[in-house]
Structures are given as C-alpha cells and as structure tokens.
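Here the structure comes first, spelled out in structure tokens, and everything after it is commentary.
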C-alpha cells in the first residue's frame, strides 16, 4: 500500500524528480493503513474520470518547465463504491485485531481460545484476499511505470521536453530550451526591463552551449527572437553609430507565463 501511494504519481521539474520521489517515500513511511487508504482513494482508485490535479503540481513555480504523471485504476461508480467499502472494511479489521482482539475473547478458557483461533483464521483469509488484490494493483502499476520509463528514454521524448521539438519537427516555442535560456538571461542581466542580446548570448554560451539557433532551424539569435514571438526586439544606436540589439519578453506572454 505504501508503494502504491508513493509511486503512482510524480510531478516536478525534471532535475528534481528523484528528490520528489524520495520525499513521497519518506512521507508515507509512518502512515497507518487508514491514512494510506484515504490517500489512495481519489488518486489511484478513481471512479470514471473523477481525478484531481497532481499533488506536487499545486506547489510548482508557475514559470517552471515540469513533467508529471499519474497512474490510476479507473472503475465504474458502482465498482468504485464497493472497492472503497472493501478497503474501509480492511482498515476496520486491522483496527479490531490490533486494538480490540483481547477484549473480544476470553483467552483464559479453552473455548475462548478456540473461538479466538477460529476468528484469526477467518481474518487471515480476508487479509490474504486484500493482499492479493494489492499485489495485482502494484503489478499493473509497475508495468505502466516501466512503459512510461521506456517512453522517456526515447530521444524524441527528450527532444520534446528539453527543446520543445515535436516528432513532426514543429517547435513549441513556449517549451523550447533556448527560450528558457533567454528568459534566464533576462532575469540575470536586464537593465530597466531590457537585455542586451550580445550579453545574453555570452551568458547562454557559457551555461547552455548546446542551445544554439541552428538547433531550432534559425540563422541567428535575432531570428530566434522573432520566430518564437515570445520577445520584443529593438535596435539602439551607439555613439559610434553602430546598432546594438536589445530584447525583452513580451508583456502579454509574461503574464500568461506566470499564471499558467
């Protein structure tokens, strides 16, 4: 049950996913069976499509490029209600055995011990049934996780997540790594809201040398700014009459970027 709760969903920034998973494992380490059942109902065990947002997604920064998944066991409303009732009965059985077993039987008599033993045998059979069901669920979840991991290892997946390039070659500029690098450069280098393009390029070359205009079928950094439509570009004249490119993120795009 703890493995199901910890591993059926995961969300966060790509470089933090392992840490997020460790936190989820630690978070259920001391949970009781009753707490685990409450956590799994509505996220792993769901009725039809009644499934809320990923847990970690609520706390992620709005400007973070993140990845998440949830594996759910979807069933009809009737089956869901029965499954929830069965799980609650499992919790009740556990509580009776742990907290009230000695109070239920006269363990100082032969007849009382015989009744207690019969009750334990019946309880073990019920417990075995629940454990077998949990094992089937865990097996399905692990098969799905393995399939997800296989997809994530594909070069096309990495290219889409890191560079925003789809399998058909189209570029989702909002997800493009080069756009993220330009945004980071503006955060570090902007003067009165505008960033000198030459300074941003030097910043990106030092930190993200693989993020180049050529990767996105662009001839220059100015071409990237125009093609992405995520930035405003202007040229300013120096005292020697040379022209210098400056840019900033579009205001409408900034608002959408922060509230997504």
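The values are calculated or read from the model by the stated rules, or taken from the named source; none is laboratory data. On a predicted model such as this, the values are computed, not experimentally measured, just so you know. Cβ: placed from backbone, ideal geometry, glycine included. Neighbour counts: every protein chain shown.
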Does residue 70 satisfy being farther than 30 Å from residue 19 by Cβ and in contact (Cβ under 8 Å) with a residue 60 or more places away in the chain? no
Among the candidates 120, 93, 73, 87, which residue alone is modelled with pLDDT of 95 or more, closer than 19 Å to residue 45 by Cα and either in the same structural domain as residue 7 (by TED's automatic domain parsing) or in contact with a strand residue (DSSP E or B) (Cβ under 9 Å, 6 or more places away or on another chain) (or both)? 87
Exactly one of 125, 146, 174 is outside the structural domain of residue 102 (by TED's automatic domain parsing) and in a helix (DSSP H, G or I), and that residue is 174
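For (1) surrounded by 11 or more Cβ atoms within 10 Å (Cβ to Cβ); (2) free of Cβ contacts under 8 Å to residues at least 60 places away in the same chain; (3) more than 30 Å from residue 214 (Cβ to Cβ); (4) touching a helix residue (DSSP H, G or I) at 6+ places or on another chain (Cβ under 6 Å), each residue gets a yes or a no:
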{"residue": "169", "(1), (2), (3), (4)": "no, yes, no, no"}
{"residue": "173", "(1), (2), (3), (4)": "yes, yes, no, yes"}
{"residue": "185", "(1), (2), (3), (4)": "yes, yes, no, yes"}
{"residue": "189", "(1), (2), (3), (4)": "yes, yes, no, yes"}
{"residue": "192", "(1), (2), (3), (4)": "no, yes, yes, no"}
Is it true that some residue in the range 123-142 is more than 34 Å from the chain's Cα centre (by Cα) and either touching a residue at least 12 places away in the same chain (Cβ under 8 Å) or within 30 Å of residue 227 (Cα to Cα) (or both)? yes
Go through the residues of the range 204-221 one by one and say whether even a single one is in contact with a strand residue (DSSP E or B) (Cβ under 7 Å, 6 or more places away or on another chain), modelled with pLDDT of 95 or more, outside any strand (DSSP E or B) and surrounded by 13 or more Cβ atoms within 10 Å (Cβ to Cβ). no
